[in-house]
Structures are given as structure tokens and as C-alpha cells.
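Peer 1: Just passing along the structure, written as C-alpha cells.
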Amino acid sequence: MHDGILSQEEIDALLRGDTEAPQASSFPEVAEEDAITEMERDALGELGNIAMGTAATTLSSLLHHKVSITTPQVMVATSERLQADYPVPCLLIEVRYTRGLSGTNVLIIKKEDAVVIADLMMGGNGTAAGTELDEIQLSAVGEAMNQMMGSATISLSSMFDMRIDIDPPRVTQFDMGQEQLQTSLSDDYEQVVQIKFAMKIEDLLDSEIMQIIPLGAARDMVASLMGEGVDTEASASSVPEPEPEPEPTPVSEPVAAAEPPVPPVSEVTYQPSVSQWQTQAASLDTGGAIEKGPITVQPLQFAPLTPERGGEIQNIGLIMDVPLDISVELGKTKKTIKEILELGPGSIIQLDKLAGEPVDLLVNGKLIARGEVVVIDESYGIRVTAIISPIDRMSKLQ
């Protein structure tokens, strides 16, 4: 018996009327107190709780249904014991770390739960019948797991205060009651840390999702989270003090007979208002001792922010040969489509400008000046009478 749950062999033994315990030796037990400590168990539970909490939020947005993944239960088991306690068809989602952490971890969900998730991912109502997944449904579940583990990895990066990258999760269909777990996973999964979570999707699903991590990888994660397992008291006493700046040769005698003796440089305390390089410069100037007396402070002066004319002309010279379109606008008005269609030779269009009013000078369609129309050698021209101010130009921009 394991955690109050009868294995299949124990049930068969009870049906046969055997009074002795079934072959318990075929499933080697792992002494959890020897495998992981209570502190490591709590740390792994908290890591899983935060990571899967973020993953549940991501899954909720993908399925458009509220998803809750809570109540982690941490235990140590062998792969044989795990399969005996969980003999159902399921999906293995293997996640491999490529940066930050080492090794892999695996999520296990029941295949019937994966069918519900796949149906919701494909726009269904989550009540699809059957327990088989085709290629499209398996791809949908893989995408949901990819998004979940991506968000969970971001949470882990925040907790470990370092960048953590993963490969795209590998999804495999697996029957825990018929196949050997070692054939699909590496030998590192002989002893694992098993973390079970209660998973609920509104009123559609009330099940569980399980995470298994190789025992060695789980210990490494906790050690990394705790600062590589260094004792805090020992580390506090062994933290090296910051190295002092190179000290000049201390002066044991006063600088002048009339002045009081100057203490060695090692006794000079640095004031917040005096920077480190100022202190060193003063030490060098006084032959190893800081002179006492008033310090001349001058206000910092900045160069004017206005650009120099020479530089401006030089920059503008690069675009002096760029051609521009100049047009003169006598005026404008608005007409309906009907009025436009009724136009013909001899039609008169009344503009918004008054007779004798200055016309507009446009450069590349932007108003920059106004002037009056003149005739030059039988050609029309415009005499500029006013330049539009920059403020007026900005107000004309739409």
C-alpha cells in the first residue's frame, strides 16, 4: 500500500484471499527522508506551485475557460512505483532546459483529460467523446503545453534571478499500464520527485496533472535556488570585506611644526560629499596626508545647446540639390458629385478667395508663403508678400 492507494497487485491479492502482503519487494521503496529533506520538499512544492499557477493562467486564456492548478503534493518514487500507482493511458510532455538549468522534467496528463483540452483548443465545448487523439488534436495539445511551459519558465527565471531557456516540449502518447517508462525517458528517471497538482477546468474537468523531475535534477534546482546550498551563517562570516583602495605611505610625523599632527590615511573616514578619486588626488598632492582647509567649489557650466551656424549650413548643404514642387493656389471650394457632373464649357466656379486677396504658395503641398499675382514677359508669376511663421505652418499640418 502506498499513500492509502491500493496497487493492482494488492487488489488481486485481496480478491484471492491472500492474507500476506503481495510482492512488495518487486517495487523498491525510496526512503523520502533520505532522498530529500523537508526543506527541499517545501522548496520544490513552492517552485511547482508558482510555475503551474502561471501555466494555469496561460491555459485559461487559450481555452477561454477558467483553469485552476493547485495543491501540490511532493513525494519521491521509483519509475516502477509510479507506473503501478498510475496505470492509465496518458501524455508525456518532456521539457528540456537549454540555459540556466540543466536536465529535463516531464508533465503527465491523462489522455482523457488531453481530449478535453484538445477539443477546447479547436473551438469545441469540451465534451468530445472518445479517448483517442488524432494528429491534429495532438498538435493542439502540444501547442497548449508549449504555451504553458513557456510561461512557467518565465516564472522560474524570476525566482532564480537568471535567464532560463527551454526547447519546445516533446509530446508523447504513453500507456503507463502497458509500457515501460524507461523506454521513453532517460535512465535519470529511475528515481524521481513526483509533484501532483489538482487540475480543474470549470465544470468540464476535475482531475490532476503530475510533474516528475529526476531526483538529481531536483536537488540541483533547490541548491541553485538556495545559493548552491551554502550555509548562510558560514557564508555571512566568510564574505570578504571590500578591498580598500591602495593607500599611500602613511606619514608618521606632522607636516609642519606649527600644525597639529595629521593622522595616517588609514584613519581618514570618507565623507559622502567627497568622491573616492578626490580623496586619492588629495593624498597624492599632500604626500600621503589630506590637507585640511576650505575646498574651492565651482559651479559646473555647460555649453549652450543652440547649434552653431557653421555646422547647420554644412548639414543643409547635403540636401541643397533636392528638387521641390512649388504650386500657387488661387482658392478652393467644395462641390457635390452632382455639381461636378453638371460642369461644362462656360461654367463658373466660385472660390473661397476674395478678389485681390493674396494667393497661397505651396511647396510639396505645404503652405509656406502668400503673395500677389504678377505678369512677367507674358507669363504669370507671384510676388511673395508674407512668409508663414513656423507656428502657422504647424497648425496647417494635418
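Peer 1: Might you let me know whether the stretch 11-24 holds any residue that is of a type in the set (Ser, Thr, Tyr), modelled with pLDDT under 85 and loosely packed, with under 13 Cβ neighbours inside 10 Å? Steps first, answer last, please.
Peer 2: So in the stretch 11-24, the residues of a type in the set (Ser, Thr, Tyr) come out as 19.
Those left that are additionally modelled with pLDDT under 85: 19.
After this cut, where a residue has to be loosely packed, with under 13 Cβ neighbours inside 10 Å as well, the list is 19.
Yes - at least one qualifying residue is present in the stretch 11-24.
Peer 1: With respect to the numbered conditions (1) at pLDDT below 85; (2) buried (at least 20 other Cβ atoms within 10 Å of the Cβ); (3) closer than 17 Å to Asp206 by Cβ, which one is the sole condition not fulfilled by Leu120?
Peer 2: If we test Leu120 against (1) at pLDDT below 85; (2) buried (at least 20 other Cβ atoms within 10 Å of the Cβ); (3) closer than 17 Å to Asp206 by Cβ, just (1) comes out false.
Peer 1: What single numbered condition from (1) under 21 Å from Lys334 (Cα atoms); (2) exposed (fewer than 10 other Cβ atoms within 10 Å of the Cβ); (3) modelled with pLDDT of 85 or more fails to hold for Asp360?
Peer 2: (2)
Peer 1: Given the conditions (1) more than 16 Å from Ala77 (Cα to Cα); (2) in contact (Cβ under 8 Å) with a residue 24 or more places away in the chain, and given that Glu179 satisfies all but one, which numbered condition is not satisfied?
Peer 2: Looking at each condition in turn, Glu179 falls short on (2).
Peer 1: Can you tell me how many residues within the stretch 110-127 are closer than 20 Å to Ser61 by Cα and not in a helix (DSSP H, G or I)?
Peer 2: 6
Peer 1: Okay, next question. Sort out which residues of the stretch 134-176 are part of a helix (DSSP H, G or I) and among the charged types (D, E, K, R), and write them in order of number. First the steps, then the outcome.
Peer 2: Here is the first cut: in the stretch 134-176, the residues part of a helix (DSSP H, G or I) are 135-160.
Residues satisfying the conditions are Glu135, Glu143.
Peer 1: Somewhere in the stretch 320-327, is a residue within 19 Å of Gly381 (Cα to Cα) and not in a loop (DSSP other than H, G, I, E, B)?
Peer 2: Scanning the stretch 320-327 turns up at least one residue that is within 19 Å of Gly381 (Cα to Cα) and not in a loop (DSSP other than H, G, I, E, B).
Peer 1: Right, another one. Look through Gln173, Gln191, Gln182 and report the one residue that is modelled with pLDDT under 85 and either within 24 Å of Glu80 (Cα to Cα) or assigned by TED's automatic domain parsing to the domain that holds Arg99 (or both). It would help to see each step written out before you state the result.
Peer 2: Details: Gln173 fails: modelled with pLDDT under 85; Gln191 fails: modelled with pLDDT under 85.
None of the others qualify; the one that does is Gln182.
Peer 1: Quick check on Ser155: is it surrounded by fewer than 17 Cβ atoms within 10 Å (Cβ to Cβ) and under 23 Å from the mean Cα position of the chain (by Cα)?
Peer 2: Numbers: surrounded by fewer than 17 Cβ atoms within 10 Å (Cβ to Cβ): no; under 23 Å from the mean Cα position of the chain (by Cα): yes.
It is false that Ser155 is surrounded by fewer than 17 Cβ atoms within 10 Å (Cβ to Cβ) and under 23 Å from the mean Cα position of the chain (by Cα).
The values are calculated or read from the model by the stated rules, or taken from the named source; none is laboratory data. Treat the numbers as computed from the prediction; the structure is a model and nothing was measured. Here Cβ is always computed from backbone atoms with ideal geometry, including for glycine, and neighbour counts include all displayed protein chains.
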